[in-house]
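What follows is a single structure, written as structure tokens, with notes after it.
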Amino acid sequence: MDQNNSLPPYAQGLASPQGAMTPGIPIFSPMMPYGTGLTPQPIQNTNSLSILEEQQRQQQQQQQQQQQQQQQAVATAAASVQQSTSQQSTQGASGQTPQLFHSQTLTTAPLPGTTPLYPSPMTPMTPITPATPASESSGIVPQLQNIVSTVNLGCKLDLKTIALRARNAEYNPKRFAAVIMRIREPRTTALIFSSGKMVCTGAKSEEQSRLAARKYARVVQKLGFPAKFLDFKIQNMVGSCDVKFPIRLEGLVLTHQQFSSYEPELFPGLIYRMIKPRIVLLIFVSGKVVLTGAKVRAEIYEAFENIYPILKGFRKTT
Amino acid sequence: MAAITVYLPISSVLDALPRVTCPNHPDAILVEDYRAGDMICPECGLVVGDRVIDVGSEWRTFSNDKATKDPSRVGDSQNPLLSDGDLSTMIGKGTGAASFDEFGNSKYQNRRTMSSSDRAMMNAFKEITTMADRINLPRNIVDRTNNLFKQVYEQKSLKGRANDAIASACLYIACRQEGVPRTFKEICAVSRISKKEIGRCFKLILKALETSVDLITTGDFMSRFCSNLCLPKQVQMAATHIARKAVELDLVPGRSPISVAAAAIYMASQASAEKRTQKEIGDIAGVADVTIRQSYRLIYPRAPDLFPSDFKFDTPVDKLPQL
């Protein structure tokens, strides 16, 4: 589970090619968690970059989330039966969702406020009648395609050393002032800047993004820099889904003029800028929808639930 | 004296003055003829008042007159809608011997710095006029463009963008608003700005001015493209009909209206005596010939339904080229 996909640890002290500037820090010890308790993290308790600990922490959180979910699914299913419109239910649910979807891995957890179509093995088979709100929810869940996150490694880095010694790293200072590093699991790309800040892109879920960022930080740490893991923040989330029917974009741009921009000469899709939540949706004639600009997963879900009835109204009839 | 009087209706500002009325028609509103300075009754043609200031020009200046002897005592015509009124004066060139120093250069050289606050705006207006002139746009579009540019410039929300880009985007919006849209590629052809930058500025300006424009349709471009290809009117009407029907029947979902128009022109021209190749149409419309091919493949299966009923086929429908 502990994947050392960067350079082998022994190579540090021995082959420093071309007299590269290795910092005079003693070779790491795999057992020594670096910087424990020095900088308090807002979310997690340990500052260690150990992947094993990260995954254990994720599993613990999963179990906690599922227990919370069971309680909340019961509560919200009962509540959603009483609520009249799905609008209210999404708003009510979105108030609860931030804590629910905070660090959620891809489980079969149903959305609160939507009818669990097939009860997941985690939720209890309590005799709650399936909620049939006045306007039904879509039943389509947008899939996350990309997460962009940033983290501060907390120390200045020498990009040349990193590029020379790390595997899968490219550095072309004339083109771009950062090292571009890639790992295979989770399949992500990181831009590592000399100030110590790092951007991690390409992950498919929040937890994977965090895990990948930790792996990159571990690589940098193994190269001898005193890397920490400060201020991990997800900056952007991209999701996509398919409403399974063709859409009349011309009608949509006529009625929602202040939010939509449809210029077939410039881009074949309609660009819908939703105000609340602040999400940009790209809507295509085929019925595919791309949602972007979210900081949390719930915003994507909420935006899709908001747009789905509008799109149904502009379904192509032929 | 052959005087072609021009009847110009006057506004009700003159109501405050002691009213002169025609003796025969007291409640007729008098029409002012500014050329001769008369006020004329529209009912019977009687000239009632004749003490109106003539606003015609004092002197007429011809181009072959010597440049130094311009007797006109007034400046250029005012452009009050745009650059803040033109109430600045210029010192003319000196004529006597005292105005030249020992080398023969004129002593007073400051003929520049007229309206420094709006220098960029005047420059942009000049650029807009040049661009519009290249594609023969009428004056009303140019005026609309100037107004849009002035609004955007005063708002300062797009201050960092190149003025030429803003001007090109304003030209595009003005053409759209007047109901005669030009494609982005056509505007690119007369401007030094890239299509991407014009597109970006276009979206920013719509947001800054909080306006919107109508969606482009295939029919907007038919007359221009067909004329450029020297196609007769029947072919143009057939192409318009084909494109409209194709969009109605939803044969070309998601395709740009320009591509659909180009494919319709291709189909119509191939069915008539005046055949045009895809490359020629692609050059005029600014679409690649593979794009025309793609759209043509989509409309080809329903070709018999798309043609207008009264179209005279030179090449029958089943013999249309199949790509």
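Restricting attention to the range A:246-259, does a residue exist that is in contact with a helix residue (DSSP H, G or I) (Cβ under 6 Å, 6 or more places away or on another chain), more than 14 Å from every other protein chain (Cβ to nearest Cβ) and either of a type in the set (Lys, Arg) or more than 26 Å from A:Lys295 (Cα to Cα) (or both)?
To start, the set of residues in the range A:246-259 that are in contact with a helix residue (DSSP H, G or I) (Cβ under 6 Å, 6 or more places away or on another chain) comprises A:247.
Cutting the leftovers down to more than 14 Å from every other protein chain (Cβ to nearest Cβ) gives us none.
So far as the range A:246-259 goes, no, none of its residues is in contact with a helix residue (DSSP H, G or I) (Cβ under 6 Å, 6 or more places away or on another chain), more than 14 Å from every other protein chain (Cβ to nearest Cβ) and either of a type in the set (Lys, Arg) or more than 26 Å from A:Lys295 (Cα to Cα) (or both).
Just one of (1) within 14 Å of another protein chain (Cβ to nearest Cβ); (2) touching a Leu at 6+ places or on another chain (Cβ under 6 Å) fails for A:Val243. It is (1).
Okay, residues lined up against (1) loosely packed, with under 10 Cβ neighbours inside 10 Å; (2) modelled with pLDDT of 80 or more; (3) touching a helix residue (DSSP H, G or I) at 6+ places or on another chain (Cβ under 9 Å); (4) within 30 Å of B:Thr95 (Cβ to Cβ):
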| residue | (1), (2), (3), (4) |
| --- | --- |
| B:Pro18 | yes, no, no, no |
| B:Pro23 | no, yes, no, no |
| B:Pro42 | no, yes, no, no |
| B:Gly49 | no, no, no, no |
| B:Val55 | yes, no, no, yes |
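Right, B:Phe225: touching a residue at least 60 places away in the same chain (Cβ under 8 Å) and aromatic (Phe, Trp, Tyr) or not? For B:Phe225, the condition - touching a residue at least 60 places away in the same chain (Cβ under 8 Å) and aromatic (Phe, Trp, Tyr) - is met. Residues of the range A:142-157 that are buried (at least 17 other Cβ atoms within 10 Å of the Cβ) and not in a strand (DSSP E or B): A:Pro142, A:Leu153, A:Gly154, A:Leu157. Tell me, yes or no, whether the range A:269-287 has at least one residue that is farther than 14 Å from B:Leu215 by Cβ, small (Gly, Ala, Ser) and either more than 9 Å from chain B (Cβ to nearest Cβ) or touching a residue at least 40 places away in the same chain (Cβ under 8 Å) (or both). Yes, because at least one residue in the range A:269-287 is farther than 14 Å from B:Leu215 by Cβ, small (Gly, Ala, Ser) and either more than 9 Å from chain B (Cβ to nearest Cβ) or touching a residue at least 40 places away in the same chain (Cβ under 8 Å) (or both). On the stretch given as the range A:161-179, residues that are buried (at least 17 other Cβ atoms within 10 Å of the Cβ) and either free of Cβ contacts under 8 Å to residues at least 60 places away in the same chain or in a strand (DSSP E or B) (or both) total 5.
Considering only residues in the range B:217-237 that are part of a loop (DSSP other than H, G, I, E, B) and surrounded by fewer than 20 Cβ atoms within 10 Å (Cβ to Cβ), the one that is nearest to the other protein chains (Cβ to nearest Cβ) turns out to be B:Thr217. In the condition set (1) within 14 Å of chain A (Cβ to nearest Cβ); (2) in a helix (DSSP H, G or I); (3) of a type in the set (Gly, Ala, Ser), B:Ser269 is compliant with all but (1). Tell me yes or no: at least one residue of the range A:290-307 is at pLDDT 95 or above and at positive phi. Yes, because at least one residue in the range A:290-307 is at pLDDT 95 or above and at positive phi. Checking each residue in the range B:189-199 for being surrounded by 17 or more Cβ atoms within 10 Å (Cβ to Cβ) and not aliphatic (A, V, I, L, M) picks out B:Ser191, B:Lys195, B:Glu197, B:Gly199.
Would you check if there is a residue in the range B:291-313 being over 28 Å from A:Ile247 (Cβ atoms), surrounded by 14 or more Cβ atoms within 10 Å (Cβ to Cβ) and charged (D, E, K, R)? Among the residues of the range B:291-313, not one is over 28 Å from A:Ile247 (Cβ atoms), surrounded by 14 or more Cβ atoms within 10 Å (Cβ to Cβ) and charged (D, E, K, R), which makes the answer no.
From the list B:Val260, B:Val290, B:Val252, pick out the single residue that is under 23 Å from A:Gly269 (Cβ atoms) and away from chain A (no Cβ under 13 Å). Before the answer, list the steps.
Details: B:Val260 fails: away from chain A (no Cβ under 13 Å); B:Val252 fails: away from chain A (no Cβ under 13 Å).
Checking each option against the conditions leaves just B:Val290.
No other residue among A:Ala213, A:Ala303, A:Ala227 is surrounded by 20 or more Cβ atoms within 10 Å (Cβ to Cβ) and either within 13 Å of the chain's Cα centre (by Cα) or within 12 Å of chain B (Cβ to nearest Cβ) (or both) apart from A:Ala213. On the given criteria, is B:Ser269 closer than 28 Å to A:Leu249 by Cα and crowded, with 19+ Cβ neighbours inside 10 Å? Spelling it out, it is not the case that B:Ser269 is closer than 28 Å to A:Leu249 by Cα and crowded, with 19+ Cβ neighbours inside 10 Å.
The values are calculated or read from the model by the stated rules, or taken from the named source; none is laboratory data. Nothing here was measured: the structure is a model prediction, and the numbers come from that model. Note that we place each Cβ from the backbone using ideal geometry, even for glycine, and neighbour counts take in every protein chain shown.
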